[in-house]
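One structure below.
The values are calculated or read from the model by the stated rules, or taken from the named source; none is laboratory data. Here the structure is a predicted model, which means the values were calculated and not measured. So basically every Cβ, Gly included, is an ideal-geometry build from the backbone, and we count neighbours across all protein chains shown. Side chains are part of the model used for accessible areas, which takes the heavy atoms of the whole protein and leaves out ligands, DNA and RNA. Shrake-Rupley method; radii C 1.70, N 1.55, O 1.52, S 1.80 Å.
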Amino acid sequence: MNAYLIEFSLYWLGFWGLYALLLRQEKFFRLNRFYLLGTFVLGMILPLVQWSAIWAAPAWMELPVVWLQTVTVAPDNPTIASISPATNWSWSSFFWRVYLLGVLLATVRFLWGLARLFQYYRKGNKRWEKGICWVESEQAHAPFSWLHFLFISQQTKASEVEKAAIVAHEKAHIQQKHSWDILLLEIVGIFCWWHPLWYAYRHELENVHEYLADAVVLQATPTREYGKLLLRQCLQQPDLPFVQTFHTSQLKKRIIMMTKSPSSTLALGKYLLFLPLTLLLLLTCEEAGAQPQKKQMTQGLQEDDGRFFERVDTVTVFDPATSTEEVSIVKTKIYEKVDQMPVFGNCEGLTGQEQMDCSNKNLLTFIFEHVKYPKAAMEAKQEGLALTRFIVDPQGRVTNIQLIEEKTTEHAALNEAALETIRQLPGFTPGQHNGKPVYVQMVMPIKFKL
């Protein structure tokens, strides 16, 4: 959950930042509305997609049924982590309760707005005209619209020309279905009441709605006269969270936008920046998502200078002659990083990174040649990641082959196929530390993909 909150916040920040810096001042109002709505929804969806399962493997991985990640070296904790004593209070539970209280208050606010809206509807005089329900009330309020309802006060002080402009403005909101945009944001806002970017998105979208409605009115009304009308209509607004009002607090911005020259066609090129921005955000979130997994795999180890952890084994030796048994505890240092990593295959004459690249290539080639996609799994269309680990001992033998169960696929056939492939590995040139052969643990992820 924490990772999702961070990622969708990052997407919203990137998308909204592009809009605020480069797009907000452009007069492509319809495009701006589409951009705000699209990126608002996209920012919530993208973190839910498992991109590592969608992106294709590199071109040199030619097998169609298996995708192998690069060999990684990382120890996994073989012992049970100590559990902190339970407490009756924690910061996480405190923030969780505050969040739920906020959700409750936001829900009450939303329902209160619906109830107030229903009161205007119930007390007003209603008539239908060309798909729009006019609701005229005796209460003084600024004209506003919601869905296909147009609410107007009988006490509105304006000439017939001004009323026509006001009605045209509200009809534009109705015909362009602006209320649905606000309704979507309000529903999301119940759960994202704490998020400052939710307020930023809502504010910008409201502005765009007003610009679009103003543009319709200006087709038949001079800009100067319409600007004066906006300044004169300082009526009391209904305090409702999701309606479109004729008089709003964005009057200054609306007047500036009305008098601004149309944006040039070349300015459309700014919107293309959305594509590299999205790619950058995808790569950033994908990399950030991989870090906690790596941290999980390495935390809790009994480390000595960060290079090894100790595996504790109990060895029992039974002597039949005396009918006695001797129990001893054997501690083995399992390294995750050594001076000379184990080398697979023939990499003679190479050193350093070139030798490691050669070893990795040999290992992957061996896996490609020996892994078999289980027939039953193919027929059942089963896919998944089998995360295997093994230890290369001081003699170069592959030992202790097993699965990291909490991080591997639930399909037993795929797991067994991965284990069987690792069991076929011949010996390595053992890893060395301080000039001596040592135990080195390695992790080999094998991803099965149809």
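Taken together, Gln424, Gln441, Gln432 contain a single residue that is open to solvent by less than 70 Å² (accessible area, probe 1.4 Å) and not aromatic (Phe, Trp, Tyr), which is Gln441. Somewhere in the stretch 390-403, is a residue farther than 23 Å from Ile446 by Cα, at pLDDT 90 or above and surrounded by 13 or more Cβ atoms within 10 Å (Cβ to Cβ)? Looking for residues that are farther than 23 Å from Ile446 by Cα, at pLDDT 90 or above and surrounded by 13 or more Cβ atoms within 10 Å (Cβ to Cβ), one finds at least one in the stretch 390-403, hence yes.
Of the residues making up the stretch 386-422, those that are touching a strand residue (DSSP E or B) at 6+ places or on another chain (Cβ under 6 Å), among the aliphatic types (A, V, I, L, M) and over 24 Å from Pro342 (Cα atoms) number 1. For the stretch 424-447, the set of residues classified as in a strand (DSSP E or B), of a type outside the set (D, E, K, R) and either over 17 Å from Ile401 (Cα atoms) or touching a helix residue (DSSP H, G or I) at 6+ places or on another chain (Cβ under 6 Å) (or both) consists of Thr429, Gln432, His433, Pro437, Ile446, listed by residue number. Can you find a residue that is of a type outside the set (A, V, I, L, M, F, W, C), open to solvent by less than 20 Å² (accessible area, probe 1.4 Å) and part of a strand (DSSP E or B) anywhere in the stretch 404-421? No, that holds for no residue. In a residue-by-residue description of the stretch 163-178, the property of being crowded, with 17+ Cβ neighbours inside 10 Å and touching a Pro at 6+ places or on another chain (Cβ under 7 Å) applies to at least one position.
Among what's in the stretch 396-428 and is without any contact (Cβ under 8 Å) to a residue 40 or more places away in the chain and among the aliphatic types (A, V, I, L, M), pick the residue that is farthest from Asn362 (Cα to Cα). Step by step, filter the stretch 396-428, then rank; the result is Ala412. Scanning the stretch 404-443 for residues that are modelled with pLDDT under 90 and touching a Leu at 6+ places or on another chain (Cβ under 8 Å) yields Ile404, Lys407, Thr408, Thr409, Asn415, Ala418, Val443. The residues of the stretch 368-384 that are in contact with a Leu (Cβ under 6 Å, 6 or more places away or on another chain) and assigned to a helix (DSSP H, G or I), listed by number, are Phe368, Ala377. Note on the stretch 351-365: residues that are more than 36 Å from the chain's Cα centre (by Cα) and either closer than 20 Å to Leu450 by Cα or open to solvent by 60 Å² or more (accessible area, probe 1.4 Å) (or both) amount to 2. Being surrounded by 18 or more Cβ atoms within 10 Å (Cβ to Cβ) and in a helix (DSSP H, G or I) is a property that Leu387 lacks. For the stretch 1-35, residues that are without any contact (Cβ under 8 Å) to a residue 60 or more places away in the chain and β-branched (Val, Ile, Thr) total 0. With a requirement of 3 or more residues that are surrounded by 15 or more Cβ atoms within 10 Å (Cβ to Cβ) and modelled with pLDDT under 90, the strands (runs of 3 or more DSSP E) lying completely within the stretch 38-157 that satisfy it span 66-68.
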